[in-house]
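Notes for the one structure printed next.
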Amino acid sequence: MIPRSTAVRRRAVAALATAALAALTASPAQAAATNPYERGPAPTVASIEATRGPYAVAQTSVSRYAVSGFAGGTIYYPTSTSDGTFGAVAVAPGYTATQSSLAWLGPRLASQGFVVFTIDTRSRYDQPSARGDQLLAALDYLTRTSEVRSRIDAGRLAVMGHSMGGGGALEAAKDNPALQAAIPLTPWNADKTWPEIQTPTLIIGAQNDSTASVTTHSERFYESLPATLDKAYLELRGASHFAPNTSNTTIARQSIAWLKRYVDDDLRYAQFLCPAPTVSTAISEYRSTCAA
């Protein structure tokens with residue numbers, strides 16, 4: 001099972017929040033001492049919108065015959081080991097899709113300082129609950145068996161997914177509250193309420209989604225999450241259900257900021273989440289609990 005260090009991690013986050021103002025004005029050396037999980041240079045809008053971040057990236061394929069509980073995939077990881085270990089993210093595709101549908105996310109997230117595992121599911125027709133189990137199985141493989149396990153901090157893990165894979169990300173967060181972040185992308189799930197989730201969750205919906213309409217899926221999922229939870233809902237203006245299947249700067253920018261803030265506890269990225277991003281040509285709506 002994935003290590004469940006939630007209480008310790010939550011205390012650490014609370015301590016970081018108390019020290020937030022000091023951390024924002026500290027020197028680089030002082031900031032690193034305050035947050036040992038901080039990775040990479042100070043962020044800017046340009047740096048988190050770039051197609052590649054500060055880390056060089058390598059990748060390795062994992063055969064479905066070499067694993068159990070899911071069907072293999074591709075691991076993307078920073079080549080440098082000088083900064084210590086990294087947080088890890090497992091990413092699941094949608095109904096009938098394969099890992100290739102989300103391949104663009106692998107190097108883009110990894111270059112910002114994460115180990116990213118885009119997975120294939122055991123069946124292209126697996127439902128969200130099965131996809132959630134497979135995301136957790138993939139994280140177990142990453143941290144226990146994979147050739148990059150020494151590069152990963154097993155206490156800093158997250159899940160993402162598209163469509164039924166996004167529904168699977170919600171399932172995984174419900175099943176394992178030790179996860180540090182969840183990012184469902186235009187998610188689909190027959191279950192519309194998620195009051196059990198304790199993991200900071202960013203839901204990205206699409207305004208013109210005719211497969212998992214935001215009124216019956218993303219918005220309902222967001223509203224059902226606990227009011228006390230760190231959560232956000234971003235709606236892509238004019239976008240379809242399949243927006244996450246191609247390179248998308250808005251998805252990348254907000255996902256990087258969310259993962260940095262909650263997987264790395266990096267308060268330097270809070271500026272991209274709170275105050276909330278404004279409605280724009282790319283964003284039709286944004287809701288969050290950041291003001292709380």
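Taken together, the values in this text are just the output of simple stated rules run on the coordinates, not laboratory data. None of these values were measured; they are calculated from a predicted model. Cβ sites come from the backbone with ideal geometry, for glycine too, and all protein chains shown count toward neighbours.
One table, with the values for the structure above:
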item: Neighbour cut-off at most 12 other Cβ (10 Å), DSSP loop, GluC sites (Glu not before Pro), segment 137-208; result: E147
item: Translational D in µm²/s for segment 245-292 (Stokes-Einstein at 20 °C, 1.002 mPa s, Kirkwood Rh from C-alpha pairs); result: 186 µm²/s
item: Neighbour net charge for Y286 - beta-carbon separation under 13 angstrom, K R +1, D E -1; result: +1
item: Summed side-chain charge close to G69 - residues other than G69 whose Cβ falls under 15 Å, Lys, Arg +1, Asp, Glu -1; result: -2
item: Within segment 6-288: Cβ-based charge dipole about Cα centre, in debye rounded to nearest 20 (Lys, Arg +1; Asp, Glu -1); result: 280 debye
item: Built amide H within the under 5 Å cut-off of G161, gap 5+; result: A92, I183, L185
item: Residue order, fewest to most beta carbons within 10 Å, for E285, E38; result: E285, E38
item: Global form of segment 58-136, assessed from the alpha-carbon gyration tensor, a/c cut-off 1.5; result: prolate
item: Sequence-distant aspartates and glutamates (8 or more away, or on other chains) whose Cα lies within less than 17 Å of K260; result: E38, E49, D83, D153, D230
item: Inter-probe distance in nm under a simple model that places probes 7 Å from Cα toward Cβ, at E285 and F242; result: 2.4 nm
item: Selection from W188, S247, G72 lying farthest towards where the dipole of the chain points positive, charges on Cβ; result: G72
item: Selection of trypsin sites (Lys or Arg not before Pro), segment 210-260, meeting DSSP coil and at most 16 other Cβ within 10 Å; result: R237
